[in-house]
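Q: Have a look at the structure that comes next, please.
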Amino acid sequence: MLQAERIAIVTGANRGIGLEVVRQLAHKGMTVILGSRDLQKGERAAAQLIDAGLQVLPRQLDVADPGSMARLAAQVEQEYGSLDILVNNAGILYDTWQQPSTADFDTVQEAISTNTFGPWRMCKVFVPLLRRSQHGRIVNVSSGAGSITTMDNSTPAYSVSKAALNAFTRSLAAELKSAGILVNAVCPGWVATDMGGAGGRPVEDGAASVVWAAMLPDDGPTGGFFRDGKPVPW
C-alpha cells in the first residue's frame, strides 16, 4: 500500500483537468502543489479547495521557463525533501485550423515547447527529488491525438507534440524502472474544458484517468499509454 500522505505537483492546474486532478489527489490526503503560470489565477483556483480543508498550495510555475521550475524545486526540497508524484498536465494549442503541409512553424514550436519540452524539463528538474520517494510516480497527460496508430491530418502541431511526449514517456520509464519510479502517459479522453470545448465527458472522469496512474501500486505498469486504466495503442 502507498503512504496516506504524500507530496504531489500538478502543472497547468488553475483550471480544467489540472484543477480537478489537484482536487482528487488532495481528497486522498495528499499535499498538492497547484502549479499555475499566473500565480493570481492559481491562488483563486486553490481558494475553494483550501476553504474545504484540503492541503493545496498554489505556486507560480511556467513549464516553458526553466527558472520557474528551478525555484519551485528548491522550495520543495527545502520544505519537504522529496517529491512523490509529478503530473505533467500543462498543454496548449489544439490547432484544428492547421494542416501538416502548411503548418506555421512558430505555432509548431510553441506547441512542442510546452507539450513536449515542458514535461521533459520538469522531469529533468524533479527526478532527483522523486528518487528520494518510496513510491515515485510521473504521469504525462497525453492525448489520443498523439497515437500514431490512429493519427490523421488534424491538429498537426498538437498531435506531433503529444506523440513525442509519448516517446519520451517510454524512454524515461525505462531509465527509472530500477529506481521504482513508475512513468506513464495518460489520455484523459475528450473532456469538456476550455481546450476541449463543449460536448466532452465530465472533467471528473478525465481527471480520474490521470489520478489512476498517479496512485498505481508499486507493482503497477510503467512505460504505458492508458485511458481509464486501459491501454491505448501507441
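Computed from the coordinates by the stated procedures, all read-outs in this text should not be read as laboratory data. Not measured: the values here are computed from a predicted model. Please note: Cβ atoms are built from the backbone with ideal geometry, for glycine as well, and neighbour counts cover all protein chains shown.
Q: Residues of region 201-219 with the amide nitrogen closer than 17 Å to a label point 7 Å from the Cα of residue 230, along Cα-to-Cβ, please.
A: Answer for region 201-219: 201-202, 205-210, 212-213.
Q: Largest first and to the nearest Å, give the Cα extent of region 48-101 along each principal axis.
A: 49, 29, 18
Q: Nearest 5 is fine: what % of DSSP beta bridges in region 7-231 come out antiparallel, could you say?
A: 10 percent
Q: What's the lysine pair count for region 7-231 at a Cα cut-off below 23 Å, pairs eight or more apart or interchain?
A: Counting lysine pairs in region 7-231 gives 6.
Q: Can you tell me the orientation of helix 16-27 relative to the chain, as the angle in degrees between its alpha-carbon axis and the longest Cα principal axis, to the nearest 10?
A: The answer is roughly 20 degrees.
Q: Between 49, 76, 190, whose Cα lies farthest towards the positive end of the dipole of the chain when Lys and Arg beta carbons carry +1 and Asp and Glu beta carbons carry -1, centred on the Cα centre?
A: The one lying farthest along the dipole's positive direction is 76.
Q: For the chain, modelled as a GNM with alpha-carbon contacts under 10 angstrom, which of 189, 16, 81 fluctuates the most?
A: 81
Q: Hey, rough spin-label estimate for residue 179 and residue 78, points 7 angstrom out along Cα→Cβ, what's it come to in nanometres?
A: My value for the distance between the label points is 2.3 nm.
Q: Which values, in whole Å and largest first, are the semi-axes of the equivalent ellipsoid of region 7-231 obtained as the square root of 5 times each eigenvalue of the Cα gyration tensor?
A: After scaling each eigenvalue by five and taking roots: 25, 20, 17 Å.
Q: What share of the DSSP beta bridges in region 101-234 is antiparallel, in percent to the nearest 5?
A: 20 percent
Q: Working from Cα positions, state the angle (0 to 90°, nearest 10) between the long axis of helix 105-115 and the longest principal axis of the chain.
A: 30 degrees
Q: So how far apart, in nm, are the two label points at residue 39 and residue 109 if each is 7 Å from Cα heading toward Cβ?
A: 3.0 nm
Q: About the Cα centre of the chain, how large is the charge dipole given +1 on each Lys and Arg Cβ and -1 on each Asp and Glu Cβ? Please answer in debye to the nearest 20.
A: 420 debye
Q: Helix-only estimate, please: 222 nm mean residue ellipticity of the chain, summing -39500 (n - 2.57) across DSSP H runs of length 4 or more and dividing by its residues, to the nearest 500.
A: Roughly -13500 deg cm²/dmol at 222 nm, from the helical runs in the chain.
Q: Report, to the nearest 10°, how far helix 66-79 tilts away from the longest principal axis of the Cα atoms in the chain, using its own Cα long axis and a range of 0 to 90°.
A: 20 degrees
Q: Treat each spin label as a single point 7 Å out from the Cα along the C-beta direction, and report the residue 205 to residue 55 distance in nm.
A: With each label point 7 Å from Cα toward Cβ, the separation is 3.2 nm.
Q: Sticking with this one: Hey, any idea what the orientation-averaged projected area of the convex hull of region 138-234's Cα atoms comes to, in nm²?
A: Projected over every direction and averaged, the Cα hull of region 138-234 covers 6.0 nm².
Q: When a/c is below 1.5 the answer is rounded, else prolate if a/b is larger than b/c, else oblate, so apply that to region 1-113 with a ≥ b ≥ c taken from the square roots of the Cα gyration tensor eigenvalues.
A: prolate
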